[in-house]
1. Please compute the contact order of the range 3-79 in relative form: average sequence separation of alpha-carbon pairs under 8 Å and at least six residues apart, divided by the residue count, as a percent.
2. Using the Karplus equation 6.51 cos²θ - 1.76 cosθ + 1.60 (θ = phi - 60°), what ³J(HN,Hα) coupling, rounded to whole Hz, does each residue of the range 55-65 give in order, writing x for Gly and Pro?
3. Quick one: what are the phi-derived ³J(HN,Hα) couplings along the range 28-38, Karplus 6.51/-1.76/1.60 with θ = phi - 60°, whole Hz, x for glycine and proline?
4. Work through the residues other than residue 3 whose Cβ is under 11 Å from its Cβ and net out their charges, Lys, Arg +1 and Asp, Glu -1.
5. Kindly state, as a whole number, the per residue volume in cubic angstrom of the convex hull around the alpha carbon atoms of the range 3-79.
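The numbers here are math on the coordinates, done by the rules we state, and not lab data. The structure presented is a predicted model; accordingly, all values stated were derived computationally and were not measured. Note: ideal-geometry Cβ built from the backbone for every residue, glycine included; neighbour counts use all protein chains shown.
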Amino acid sequence: MTALYDFICNFLRIALPEHITAFSVIYQAMNEEPWIVKENLRQIFHQAITSVIPSYASNSEKYQKLMSLPLKTYGGISLRIV
């Protein structure tokens, strides 16, 4: 993967659940790589979340927070990991 993918995975692992939002992940990514194309960021974001989720028990706060992050929005409708 890329350095940005590793950065996002690390952020998701070390951040407190209350600090993890779609906006916080995008903000961190844009600080690291300001010229990233939106679709590339979405793909990296999705891959990072799906990579980190198995590290947590399904009843943990971190797992629940990661599962609640929207991956894409279409006309105001959020699609989540299912």
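1. Details: 57 pairs, mean separation 26.5, N = 77.
Value for the range 3-79: 34 percent.
2. Along the range 55-65, the couplings run 6, 10, 5, 5, 9, 7, 4, 5, 4, 4, 5 Hz.
3. My calculation for the range 28-38 gives 4, 5, 5, 5, 7, 9, x, 9, 5, 6, 3 Hz in order.
4. Working: positive: none; negative: 6, 32, 33.
Surrounding charge for residue 3 is -3.
5. Details: hull volume 6.9 nm³, N = 77.
Cα-based convex hull of the range 3-79, divided per residue, equals 89 Å³.
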